[in-house]
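One structure below.
The values are calculated or read from the model by the stated rules, or taken from the named source; none is laboratory data. Keep in mind that what you see is a predicted model, and the values were worked out from it rather than measured. Quick reminder, even Gly has a Cβ in these numbers, built from the backbone with ideal geometry, and neighbours come from all protein chains shown.
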Amino acid sequence: MSFDCSSVLEPWSAAQAMVLPLFGLICALPLAPLLRRFYSRRMVALMSLAEVAAPLSAEVPKSPVPVLSSSNEPSLAQCVRQRHVRLVRASLIAWLCANAVALVMVAAHVFYGVTPTSYLFWLVLVCSPFLVNLQWQSTRRAVLLIGIGAAASVLQVLFGHEDTLGYSLSMRLANYLVMVLVFYLATAHRTLRAIVIFAGIVAIGTVVGIYMAVVADALMTCLHPFPRAGLSLALTNMTTLSLAVVIIGLFAGLSFVPLLIIERWLRRGWLSDTLTFAALALTFLFATVMGTSTFALVPRLALLALWLAAVGAAYAVALRASRWPRKARTLLVLRVFSRDHRSEKALDALQSRWQLAGPVVQIGGPDLMALNFGLGQFIRFATFRVDHLFQATAQQARGLFHGLDPNPDFEGRFRLHEVFCTNSAWRVAVEQLVDRVDAVLLDVRGFGNHREGTMYEVELLARSGRLPQTVGLFDAETDWDCFERHAAASGALQALAGRIDARSPNAIDACFQRLLAIADRPDTSSLSAPASEGSRL
């Protein structure tokens, strides 16, 4: 190959190539709400079916050996605190490792144009992926952190080094604003994380395909100069366009390979949605920072991989070095289906916190379809394997518990099992769940005579004697007379373990503490058998 043709193999500079993930994220963000809406509509349509054919085979995780809690084990509330501290400590150690590697590379003159302002900007932004392990009790705290990231971006644009990344002021501003958006996803909008991961990886594959199409076009032009007029020019343009479409489609399709690997790891508990988001966010941030390096493209990629590996290793070692309490209890969430966003916020806070106490099980419904949006289940949806997510028939629902994984993931969080059912299967599924959990959260906000599904659940709880292990979350629209009638007609007179007014400012904390006290019993339910030490943690 001639010297002139060899230059087309790198049509973009190394700095431009390193921000390809950033362009992928820019492309993914507008698609995220649209894809989530499409997913919700299709899943709701499937749930409205009376019955569908059951899948030929179901994936059943290997059940762990039950390990009973010892008498000297701490309370469930203490276990939750220890697990949360363990995650925060590991996140802090990983953040310090990321900064230590950055300082070493600055000292080795890997980057150019590093100023105190730019490094302060880096310190602020690199915090964002690690914030996913914090429990946000206040929207104001999330808004404050997002504001800090935005302020750091403005300061860097106004007073930072003019040649950072070699781009214009508008390009640098767009770069910073997109990175600040990571703050938003990490602290305020959990429900979009999964779709951003999916769309971001596909968009990165597409952008790489565009890069390779540009390389192929430039190489063909160099080796075989095209005619500049006539029919031959039109045919040549069609050939070039067809080749570009094939190359872009090929790389966009290849992006599903890592997605399938991620879905398998999520299913096995080697990854979690939060850990996957943090890893992708760090990749975006580190790749953008590597755009300021003085090295060529290949050494930059090598340094990027080593940087990510060092942070990942520090996080894994910190998790392994911390004790993980083995006590776990299962929570069942029953509710009145509602489109109220305040209802979604309360349930999201409760179930997210309970994932440090044990598995959470609930019947999937249209109201929480967007709230419980998981990366693994969306990958299954996008690859046409949604049948394994559904309890398609009543017979299949009777074996529901054999398919629910009681193990925590690598980080020590338990699963949120959203059980999707057809119309003929959901009652059987609820019956299977009620008898095998340690505590029940019954959200009766808006409950009345028109809520036939919730009335059936109240009657079932009364018949099975589980009302004393149930906490009711209510509001001004709850019809308690209707509740008492259906509870009394289905069995002996029982009372709820507690009634929490959702309008109270401390409703979430009170409800969570009450559920912990109910679930913290010496006996262990069938789903709450903790994993033996060393299985994933």
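Ser293 fails exactly one of the following numbered conditions: (1) out of contact with any strand residue (DSSP E or B) (no Cβ under 7 Å at 6 or more places or on another chain); (2) buried (at least 20 other Cβ atoms within 10 Å of the Cβ). What is the number of that condition?
(1)
What helices (runs of 4 or more DSSP H), lying completely within the stretch 392-491, carry at least 1 residues that are out of contact with any Asp or Glu (no Cβ under 8 Å at 6 or more places or on another chain) and under 30 Å from Asp273 (Cα atoms)?
Qualifying helices (runs of 4 or more DSSP H): 394-397, 426-434.
Residues checked against (1) at pLDDT 85 or above; (2) surrounded by 20 or more Cβ atoms within 10 Å (Cβ to Cβ); (3) assigned to a loop (DSSP other than H, G, I, E, B):
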residue	(1), (2), (3)
Ala279	yes, no, no
Thr288	no, yes, no
Val298	no, no, no
Ala309	yes, no, no
Ala313	yes, no, no
Ala316	yes, no, no
Pro325	yes, yes, yes
Phe337	no, no, yes
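Could you run through the stretch 491-518 and say how many residues are without any contact (Cβ under 8 Å) to a residue 60 or more places away in the chain and among the β-branched types (Val, Ile, Thr)?
Residues that pass the stated criteria total 1.
Only one residue in Leu260, Leu271, Leu241 is assigned to a helix (DSSP H, G or I) and in contact (Cβ under 8 Å) with a residue 24 or more places away in the chain, so which one is that?
Leu260
Give Gly364, Gly376 a once-over and let me know the one that is more than 14 Å from Ala429 (Cβ to Cβ) and modelled with pLDDT of 75 or more.
None of the others qualify; the one that does is Gly376.
Only one of (1) of a type outside the set (Phe, Trp, Tyr); (2) modelled with pLDDT under 85; (3) in a helix (DSSP H, G or I) is not met by Leu527, so which one is it?
Condition (3) is where Leu527 drops out.
Scan Leu303, Leu332 and give me the residue that is in contact with a helix residue (DSSP H, G or I) (Cβ under 8 Å, 6 or more places away or on another chain), surrounded by fewer than 20 Cβ atoms within 10 Å (Cβ to Cβ) and modelled with pLDDT of 85 or more.
Among Leu303, Leu332, only Leu303 is in contact with a helix residue (DSSP H, G or I) (Cβ under 8 Å, 6 or more places away or on another chain), surrounded by fewer than 20 Cβ atoms within 10 Å (Cβ to Cβ) and modelled with pLDDT of 85 or more.
Just to verify a result, which residue in the stretch 98-117, among those that are touching a residue at least 12 places away in the same chain (Cβ under 8 Å) and under 30 Å from the mean Cα position of the chain (by Cα), is surrounded by the most Cβ atoms within 10 Å (Cβ to Cβ)?
Ala98
Spot the failing condition for Val124; the list is (1) at pLDDT 80 or above; (2) in a helix (DSSP H, G or I), and only one is missed.
The failed condition is (1).
Name the one entry in Leu473, Leu467, Leu537 that is in contact with a helix residue (DSSP H, G or I) (Cβ under 8 Å, 6 or more places away or on another chain), modelled with pLDDT under 90 and not assigned by TED's automatic domain parsing to the domain that holds Trp270.
Unique residue meeting the criteria: Leu537.
Name every residue in the stretch 107-118 that is outside any loop (DSSP other than H, G, I, E, B) and at pLDDT below 75, in order of residue number.
Passing the criteria: Pro116, Thr117, Ser118.
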